[in-house]
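For reference, the structure is listed below as C-alpha cells.
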Amino acid sequence: MPDVIVDKAVYCNGVRETITGDISDAFNAARARGDCFLWIGLHEPTQDEFDLITSEVKLHPLAVEDAINAHQRPKLERYDDTLFVVLKPLLYVEETSDIEVGEINLFLGGDFVISVRHGQANPLTGVRRRIESDPDLLAVGPAGVLYAICDQVVDTYSRISHEVEHALIALERRVFSGEYADVTEDIYSLKREVLEFRAAQDPLVPVLDEIVKGRVELCAVARDQFRDVLDHLLRVDTKVDEHDELLTSALSAHLALVGREQSAAAMQQNADMRKISSWAALIAVPTMIAGIYGMNFDYMPELHWLLGYPLSLSVMVISVIIVHRLLRKSGWL
C-alpha cells in the first residue's frame, strides 16, 4: 500500500513517532501504551487496499463502502465506538471560476484516525504540520485531528466565498456597464458553482451543531474549538445564500436589460420599415402612371394629345405630394 498511504504516524504525548514497521504492529504498540493514537492517511484506496486497515480496527462495512466509493454528502454517523465523518473540501480555479469538489472520509476511534481522501482539493499535509506543531491540540487526540481538518475545510470555504464574491461583482459590472453583451451563460455558470458550494457546506452545519451540543462523546473535549468552526461556517452559509440571491437578481436584471435592448432594436427596425414602406409608396404612384402609359398600345386615351405629356407629369408630382403629406401626417415619415 505504499502509493495509497500518504502518511502514517503514531502520536504520543503531543509528539509524532514515525511508523517504521508493519501497520498492525503500530496499532498494537499504540494500544499497549494507552496514551497514543494512530493516524493513517489514505488517498483513493481500493477495496483490497483497504482490507488491511479494516481487519485491524473492525470498521463497519457500510462505512467502508461509502469511504471507498465516495460521492457522499457531509454527514456524521456512529458505528459502535467508531465515528464516520464525511467532509467536502473545495478547490477554486480562478481562471475559470470553477469550484472542484473533493471528499474526505474520516474514521475516528479512541486510539486511531483513518482519513480517506478523494480528489485533489484540500490535501491534509498542512493539517498534520499544524497539529504536530501544537502539542495541546495533539493532546486532545482524534477529536483534535477532526477539529483541525474541519477548521481547514471551513477556512477554505471562507476564502472561496470571497473569490466567488469578486467574480459576482465583476459580473454585475458587466451587466450594468451599458454595453450590450450577453453574459447569461457566465451568470448561469457561476450560479451552478454556487449551488455546488452550497451542497458541500450546507449539510456540514448540522454535523458541527451536533458536536457543539455535546451529542458526540468522542469530541466533547474539543467542543469550544468546534463552536468556533461552526461560527465561521454559519458566516459562510449566510454569504453563500446572499451570493445565490444576488446571482438570481443579476440574471433577472440582465434578462430585463436584454429584453429592453431587443425591444428598442425592434422598435427601431419597425420605424425603419415604415420609412422604407413610405418611400416605396411615393415611388409606386408615378411608377404606376408611367407604367400605364408605357404599354405602347395604338389606341390609348390622350396618347396623341398635345398636353398629355405635361399633364401626366403634373399628375405624378401632385400624387407624390399628396401621398407624402399623408405619410408625414400619420408619422411614417
Evaluate region 69-86: report whether one residue or more is touching a Cys at 6+ places or on another chain (Cβ under 7 Å), surrounded by 12 or more Cβ atoms within 10 Å (Cβ to Cβ), aliphatic (A, V, I, L, M) and under 20 Å from A139 (Cβ atoms). no
Some residue of region 295-314 being modelled with pLDDT under 80, under 60 Å from the mean Cα position of the chain (by Cα) and among the acidic types (D, E): no
Residue ranges of helices (runs of 4 or more DSSP H) in region 139-250 with at least 1 members without any contact (Cβ under 8 Å) to a residue 40 or more places away in the chain and within 16 Å of the chain's Cα centre (by Cα): 142-175, 184-201
Unmet requirement for V236, which otherwise passes all of (1) within 28 Å of S189 (Cβ to Cβ); (2) among the hydrophobic types (A, V, I, L, M, F, W, C); (3) in contact with a helix residue (DSSP H, G or I) (Cβ under 7 Å, 6 or more places away or on another chain); (4) modelled with pLDDT under 80: (4)
Candidate set: region 8-41, residues that are among the charged types (D, E, K, R) and closer than 19 Å to S55 by Cα; chosen: the one modelled with the lowest pLDDT: D22
List pairs: first residue in region 319-333 and touching a residue at least 12 places away in the same chain (Cβ under 8 Å) and β-branched (V, I, T), second residue exposed (fewer than 11 other Cβ atoms within 10 Å of the Cβ) and in a loop (DSSP other than H, G, I, E, B) anywhere in the structure, Cβ distance under 6 angstrom, at least six positions apart or on different chains. none
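The values are calculated or read from the model by the stated rules, or taken from the named source; none is laboratory data. What you are looking at is a predicted structure, and each value in this text was computed from that prediction instead of being measured. Cβ coordinates were reconstructed from backbone atoms using ideal geometry, including for glycine residues, and neighbour counts include every protein chain displayed.
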